[in-house]
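The values are calculated or read from the model by the stated rules, or taken from the named source; none is laboratory data. Owing to the predicted nature of the structure, the values given are computational and were not obtained by experimental measurement. Here the Cβ positions follow ideal geometry from the backbone for every residue, glycine too, while neighbour counts run over all protein chains shown. Ligands, DNA and RNA are excluded from the accessible area calculation, which covers all protein heavy atoms including side chains. Shrake-Rupley method; radii C 1.70, N 1.55, O 1.52, S 1.80 Å.
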Amino acid sequence: MGLGARRVVVLGGHGGRLDHFLANALVLAASKYATVDIDALVGDAVVTVVRPGPGIRFSGRPGQLVTILPVHGPAEGVRTEGLRFPLRGETLHPGTTRGVSNELTGDSAGVLVTEGVVLVVRPGFDHP
C-alpha cells in the first residue's frame, strides 16, 4: 500500500452480484496486499484475510457462524480456537468444505495459519 496503510477496511465490494463479491474477495487475498490487515464489511458479514503470523481473534456470541476458506492454494497449519469443530494444524485445500459453517462456542475465537491464505467469513457479526 503506497501510502503506508497497515489496515484497510473495505465497505461493500459486492454490488449485489455474486461475481463481483467473489472477484473482490480474491483481490483482498492477493499477495500484493500481504503487508496489510484487511477486513471487508459485506452486507451483514465481516470477511477477514488471514495470512501466516499471529492470526486473528474476534468476539461474538455462542452459535454465530464462522467459515474459513482457503484461497490461492492450500492453507497449511490452520488452527482454530473457540469453534465447535476445531482445526488443529490442518491443511485446507481450495474447494474443500472442511472450514464451512463452523460456530462459536463462547464469546471469542481465533484463527491462524502457518502457510497460505484464508478468508474468515463471519455472517451476522458486528463490524470491527
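List the strands (runs of 3 or more DSSP E) inside the range 57-128, counting only whole elements, that have at least 3 residues being within 18 Å of Ala45 (Cα to Cα) and small (Gly, Ala, Ser).
108-112
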Residues of the range 96-109 that turn out to be aliphatic (A, V, I, L, M), over 20 Å from Pro52 (Cβ atoms) and open to solvent by less than 20 Å² (accessible area, probe 1.4 Å), as a count: 1
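Residues checked against (1) surrounded by fewer than 16 Cβ atoms within 10 Å (Cβ to Cβ); (2) free of Cβ contacts under 8 Å to residues at least 40 places away in the same chain:
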position	(1), (2)
Val8	yes, yes
Arg17	yes, yes
Ile38	no, yes
Pro54	yes, no
Ser59	yes, no
His72	yes, no
Arg84	yes, yes
Pro94	yes, yes
Answer from Val49, Val42, Val10 - the residue that is at pLDDT 95 or above and of a type in the set (Val, Ile, Thr): Val49
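Every residue in the range 29-45 that is hydrophobic (A, V, I, L, M, F, W, C) and out of contact with any Leu (no Cβ under 7 Å at 6 or more places or on another chain), please.
Result: Ala30, Ala34, Val36, Val42, Ala45.
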